[in-house]
Amino acid sequence: MTEETRPHPFRDSVQDVAATNRLPNTPQTRSPAYKLAFADLDFLTREDLRPVRLQLELLKPQLMMDEMGIKSTVVLFGGARIPDPANKSAAKTPMLAALTKYYTEARTFARIITERSLQTDGQNVICTGGGPGVMEAGNRGADDAGGQSIGLNIVLPHEQAPNQYVTPELSFNFHYFAIRKMHFLMRARAICVFPGGFGTLDEMFESLTLIQTGRMKPIPILLFGRSFWERLIDWDMLAEAGVISAADLGLFRFVETAEEAIAAMDGWAHE
């Protein structure tokens, strides 16, 4: 920001941060109390400052996506451990090796959506968790089409970095799972859920619950791999037991291929 673009007459905060670096070295200026609050990492990471950190983590990606012209997204959830079929040896079990086809479907789906997105000025940009596996496939498909894509990564106990296909200016890192999930859904126009583990299940059920309870407008939710999902979850039993209504089974569709998912998205409002 320059003097010409600043929307107010007040001194810029960046200028004051720089000015504090030129202060005389005295007991007073060395004291933690004297640090500017917004430039004091020890202060910002205090337990008492959690509400502020929650706000910052919500606001930073919001502002940056607005500045990048992101109007809506198509979200891909799926397993981080599902490798590229070209690297099938990375699959640790035969069943995981069989699931590598969904890496290909996620990549193809993201490429098609991005080709459309490039014609609609920031509409339906691919958004993933920014990690490996299905997430990588989604960002890679967008890159194949020459478009941008979003990666919403999170700090985990083991080392993790964004995959190489996320648009750098749209690569975000989170501390709070809850805020990360908000960003997944705030702009979502469709959600594709590929086979995955606990994280994928958490994201899928959060999305279904928000729509089921009217906390979020209905959007297409597409579950790739009927055999995987029907073996994992007895959906009909939930309705038969009465813990969900039969109508809730209509909140999602099973699909097998990228092309089938595109057709389901296009026809969703007409069903």
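Where a number appears in this text, it was derived from the coordinates with a stated rule and is not lab data. Values in this document were obtained by computation on a predicted structure and should not be read as measured data. Glycine gets a Cβ as well: all are built from the backbone with ideal geometry, and neighbour counts include every protein chain shown.
With respect to the numbered conditions (1) over 18 Å from GLY130 (Cβ atoms); (2) assigned to a helix (DSSP H, G or I), which one is the sole condition not fulfilled by LEU222?
(2)
What number of residues within the stretch 30-78 are hydroxyl-bearing (Ser, Thr, Tyr) and over 27 Å from GLY199 (Cβ atoms)?
Of the residues in that region, 2 qualify.
Can you tell me which residue is nearest to TYR176 (Cα to Cα) among those in the stretch 30-45 that are out of contact with any Asp or Glu (no Cβ under 9 Å at 6 or more places or on another chain) and among the charged types (D, E, K, R)?
ASP42
Kindly list the number of the only condition in (1) within 15 Å of PHE172 (Cα to Cα); (2) touching a residue at least 12 places away in the same chain (Cβ under 8 Å) that fails for GLU105.
Status for GLU105: all satisfied but (1).
Looking at the stretch 105-130, which of its residues are outside any helix (DSSP H, G or I) and either buried (at least 24 other Cβ atoms within 10 Å of the Cβ) or in contact with a His (Cβ under 8 Å, 6 or more places away or on another chain) (or both)?
Those that are outside any helix (DSSP H, G or I) and either buried (at least 24 other Cβ atoms within 10 Å of the Cβ) or in contact with a His (Cβ under 8 Å, 6 or more places away or on another chain) (or both): VAL125, ILE126, CYS127, THR128, GLY129, GLY130.
Against the condition surrounded by fewer than 20 Cβ atoms within 10 Å (Cβ to Cβ) and in a strand (DSSP E or B), how does ASN153 come out, does it pass?
no
Out of all the residues in the stretch 227-252, which are closer than 20 Å to GLY214 by Cβ and not in a loop (DSSP other than H, G, I, E, B)?
Within the stretch 227-252, LEU238, ALA239, ALA246, ALA247, ASP248, LEU249, GLY250, LEU251 meet the criteria.
Look at the stretch 18-48 and say how many of its residues are surrounded by 10 or more Cβ atoms within 10 Å (Cβ to Cβ), not in a helix (DSSP H, G or I) and not hydrophobic (A, V, I, L, M, F, W, C).
4
So which of LEU251, LEU232, LEU238 ends up being farther than 30 Å from LEU54 by Cβ and surrounded by 15 or more Cβ atoms within 10 Å (Cβ to Cβ)?
Going through LEU251, LEU232, LEU238 in turn, the sole match is LEU238.
Which ones in the stretch 205-227 are within 20 Å of LYS101 (Cα to Cα), of a type outside the set (Gly, Ala, Ser) and surrounded by fewer than 21 Cβ atoms within 10 Å (Cβ to Cβ)?
ARG226
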